[in-house]
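First the structure, in the form of C-alpha cells, and then the observations on it.
Just so you know, all these numbers are worked out from the coordinates, no wet-lab data involved. Quick caveat, the model's predicted, so the values are computed rather than measured. Here the Cβ positions follow ideal geometry from the backbone for every residue, glycine too, while neighbour counts run over all protein chains shown.
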C-alpha cells in the first residue's frame, strides 16, 4: 500500500471496488490481463512524496501502475519496498525509471 511522506496510508482498491471521486490505472500482469488499481483523487497531495509497499515485485506492473497513479494525482513516488522481488525483471524495470527499490529477499 502506498504511504505518503506524512505517513498516511494511501487507500487503493481493485477496479471492482470503485472509489468515489477516484482515478484508476489499468495494467497487465504475466498471468492476468486488464487488472486495475484505483485511488481517491485526494489521497495524494500535490508535491507529496510517496513510497509504494508491495508483497512481491515480479514483473513490476503493479508498482508501475501505482507510480502512474501517484504522478497523475500530483505526487512523486520516491521508492518501492517489497518483501521479495525479481531483481533482473520487475525490480530492474522500476530502477530504470529512477526509483529506488528495497527488497528483503531476491528471487
task: With a ≥ b ≥ c taken as the square roots of the eigenvalues of the C-alpha gyration tensor of region 14-107, please select rounded if a/c is under 1.5 and otherwise prolate if a/b is larger than b/c or oblate if it is not?
output: oblate
message: Checking a compactness column here: for region 25-68, what do you get for Rg(Cα) / (2.2 N^0.38 Å), N being the number of residues?
response: 1.24
- request: Place the peptides 57-68, 25-36 in order of packing, highest mean first, counting for every residue the other Cβ atoms within 10 Å and averaging per peptide.
  value: 57-68, 25-36
